[in-house]
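Single-structure report; data block below.
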There are 2 protein chains.
Amino acid sequence: MSKTFFTVGPSQLYPTLPQHIQEALDKQIGTISHRGKQFQSIYKHATDGLRTLLSIPEDFEILFLSSATEIWERIIENCVEQHSFHCVNGSFSKRFYEFSVELGKTAVQAKAEFGSGFYAADLQIPSQTEIICLTQNETSSGVKMPVSEINKVKSKHSEALIFVDAVSSIPYPQFDFSVIDSVFFSVQKCFGLPAGLGVWILNKRVIAKAEAMLAKGIKTGTYHTIPSLLSKAKDFQTPETPNVWNIFLLGKVVEDFNKKGIEVIRKETDTKAKMLYDFLGKSSVFTYGVTDAALRSDTTIVANTSVPSGEVIKKLEAEGLVPGSGYSSYKEKQIRIANFPAISIQDTESLIQALQKHYA
Amino acid sequence: MSKTFFTVGPSQLYPTLPQHIQEALDKQIGTISHRGKQFQSIYKHATDGLRTLLSIPEDFEILFLSSATEIWERIIENCVEQHSFHCVNGSFSKRFYEFSVELGKTAVQAKAEFGSGFYAADLQIPSQTEIICLTQNETSSGVKMPVSEINKVKSKHSEALIFVDAVSSIPYPQFDFSVIDSVFFSVQKCFGLPAGLGVWILNKRVIAKAEAMLAKGIKTGTYHTIPSLLSKAKDFQTPETPNVWNIFLLGKVVEDFNKKGIEVIRKETDTKAKMLYDFLGKSSVFTYGVTDAALRSDTTIVANTSVPSGEVIKKLEAEGLVPGSGYSSYKEKQIRIANFPAISIQDTESLIQALQKHYA
């Protein structure tokens, strides 16, 4: 039996994926050269589509790497001489912070309790900070940083570069690209693709910083330094043989998203989020994982559960519906429910009905 | 019309791929968690299969990264304090050497002309060398380093770690794992998979070197340091969300290879190589790209062509057969023909007949 996965990544494949995979087979996409014209048009189709979908300005570059985890590393290597600042409110923002420490930088963190988040006004950011790392959507805890708060951070710290991890929320948030310098995501979350591709969007300030570090003789890597990536991206290529298959599929799903319309996707996301949070508000078994309503994620709904999550998942899985467990030490204490474009309003309704039936 | 690709990577998909992709869709492999039991068994299935196929001893680890290009970088970062040595006889071995330079190491190269190669007796390897980097099969030039020569390098330099790039030849070469310390490959060559996965095989000496460098406080990376990779590999996982889809497909193709038998695969490779080299030896249009018969690749057959390769490819492509062009500045002067397991004896026969017909 085919199940509907509400897990937050890897997650439910977007419904059109099987037909795009068939097309990839028919067109022998797994075989074509990554230095040929056909690949260049696949690359351009994907980046043009993303530019439309997310309203990315022309002066931002779009690069393909192997994962968002890799992008964390490349950001620190390419853009931090010494001082990075991190808002840490969950396991993934913590890992990003740790990468900076492991690479020998002076990393400063603002720390929030698991399930809490940040307002710009509360942040004490050291003046020598070169980059500010914000996690717009913490996949582990279900806490978001509202875009309005991200914008306020920038207005108080105009010199530092602002990097936004939106791994599990893009394309939902409407970022102001005059404010942020870079944002990145992976395709196995809201785009409903198999894992194995990270997308890095960055502006000329980021490029200038990477070039300045290289000019100073700082070692910033090899094939995936920003200048190396750009030298190929200008020809719609990558330095290495990339995950061609996934770049093709991403372009196809982005085309589907654009046909549907980003406003419709955002509206449906709002509708499903409201359904899920309304249910949690009334439940006697589940409670909000995030107390502050303004910081509750739109795309990763987290709930505390008084019944161990393993039992909940087992019961629902028998009906073909698979919610995610809590993250790490919260595994049994929480459930996480993806609110991604691959999940329809009807799917969400079915999940809520099943939860209500078993846990009135 | 579906074409048969003799390009050397990405290359012809292995014929069973469509059915394995259908199985991946049916089993929702694109959706499953990379922290769950199902993924662990997929990981184990792939590594167990590779162990059988390549006779990899139990004390060697098998790790998954995003590409062989990434593996070059991780080798230098993790295993070179200062001194690396490289046999450079083509574009890919040169790039590996350059990675070491870019990371600030003292990299020494032995250089052979394009189309030439190395014998162990000719190498002058400095005594302080920490790692020796050998390219068993140069995809750009079609030059191999025979396994017997690799073994001689080791006997003369027992302290240095030996890393072997076998990106476009594995599973053909029969390596002696008591001699080499590490070997690596990508899946889009002889395994006939879509690109986006590199496989790194390494022994305890390599691990000890990486650990010793970390213990000295040397920065060796973040999520893909060898200790970080191993901490997850022991549970059949990876630090990041990997290309789950490709790990699944690799396990399936390796299973096919094992059913067929490695000896049959090697024998067929020998047969096809002989057919192609015999043809080149008699041709008036094509000549051997590699003069020294002992150094001619078994899996990547390169020929000089007196007719521009673009014309040759165009003519053959019209008949559904696609040889590869030469590499970089040799693009028009050479053709490259993959002799990978996805290409049958019949396919090779068809290619030779077409070449004979047009270029008698």
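Couple of notes before you dig in:
- B:I62 vs. criteria surrounded by 14 or more Cβ atoms within 10 Å (Cβ to Cβ) and under 24 Å from B:Y172 (Cβ atoms): yes
- Answer from A:T291, A:T300, A:T305 - the residue that is more than 14 Å from chain B (Cβ to nearest Cβ), under 21 Å from B:G30 (Cβ atoms) and either surrounded by 16 or more Cβ atoms within 10 Å (Cβ to Cβ) or out of contact with any helix residue (DSSP H, G or I) (no Cβ under 7 Å at 6 or more places or on another chain) (or both): A:T300
- Complete set of residues in the range B:2-45 that are at positive phi and in contact with a Gly (Cβ under 9 Å, 6 or more places away or on another chain): B:G9
- Taken together, the criteria exclude A:S169 from residues that are farther than 17 Å from A:K154 by Cα, within 14 Å of chain B (Cβ to nearest Cβ), of a type in the set (S, T, N, Q) and under 20 Å from the mean Cα position of the chain (by Cα).
- Pair list, Cβ under 7 Å, 6 or more apart: the range A:201-213 residue closer than 15 Å to A:H224 by Cβ, other residue buried (at least 19 other Cβ atoms within 10 Å of the Cβ) and modelled with pLDDT under 95: none
- Selection status of A:K232, over 30 Å from A:N339 (Cβ atoms) and out of contact with any Pro (no Cβ under 8 Å at 6 or more places or on another chain): no
- Within the range B:102-123, if we keep just the residues that are aliphatic (A, V, I, L, M) and touching a strand residue (DSSP E or B) at 6+ places or on another chain (Cβ under 9 Å), the residue that is farthest from the other protein chains (Cβ to nearest Cβ) turns out to be B:L123.
- The number of residues in the range B:35-45 that are within 14 Å of another protein chain (Cβ to nearest Cβ) and surrounded by fewer than 23 Cβ atoms within 10 Å (Cβ to Cβ) comes to 5.
- Residues of the range A:1-15 that are within 17 Å of A:F257 (Cβ to Cβ) and buried (at least 17 other Cβ atoms within 10 Å of the Cβ): A:S11, A:Q12, A:L13, A:Y14.
- A:K259 over 30 Å from B:P194 (Cα atoms) and surrounded by fewer than 22 Cβ atoms within 10 Å (Cβ to Cβ): no
- Options A:V153, A:V167; residue that is under 24 Å from A:L50 (Cα atoms), outside any strand (DSSP E or B) and of a type in the set (A, V, I, L, M): A:V167
- The lone exception for B:K219 - which of (1) outside the structural domain of B:I76 (by TED's automatic domain parsing); (2) surrounded by fewer than 18 Cβ atoms within 10 Å (Cβ to Cβ) it fails: (1)
- Each residue in the range B:128-157 was checked for being surrounded by fewer than 24 Cβ atoms within 10 Å (Cβ to Cβ), touching a residue at least 40 places away in the same chain (Cβ under 8 Å) and closer than 24 Å to B:A338 by Cα, and 1 of them qualify.
- Consider the range B:46-101 and keep the residues that are part of a helix (DSSP H, G or I) and among the acidic types (D, E). The one that is farthest from the other protein chains (Cβ to nearest Cβ) is B:D48.
- When the range A:1-31 is limited to residues that are more than 8 Å from chain B (Cβ to nearest Cβ) and over 26 Å from B:L13 (Cα atoms), the one that is nearest to the chain's Cα centre (by Cα) turns out to be A:V8.
- Checked against the criteria, A:G289 counts as farther than 30 Å from A:S33 by Cβ, of a type in the set (G, A, S) and under 21 Å from the mean Cα position of the chain (by Cα).
- Residue in the range B:111-125 that is more than 29 Å from B:N304 (Cα to Cα), touching a residue at least 40 places away in the same chain (Cβ under 8 Å) and crowded, with 23+ Cβ neighbours inside 10 Å present: no
- Annotation note: of B:K189, B:K234, the sole residue that is within 27 Å of A:V167 (Cβ to Cβ) and charged (D, E, K, R) is B:K234.
- Taking the numbered list (1) without any contact (Cβ under 8 Å) to a residue 60 or more places away in the chain; (2) crowded, with 22+ Cβ neighbours inside 10 Å in turn, A:Q22 passes all entries but (2).
The values are calculated or read from the model by the stated rules, or taken from the named source; none is laboratory data. A quick note: this is a predicted structure, and the numbers were derived from the prediction, not measured. Positions of Cβ are generated from backbone atoms using ideal geometry, with glycine treated the same way; all protein chains shown enter the neighbour counts.
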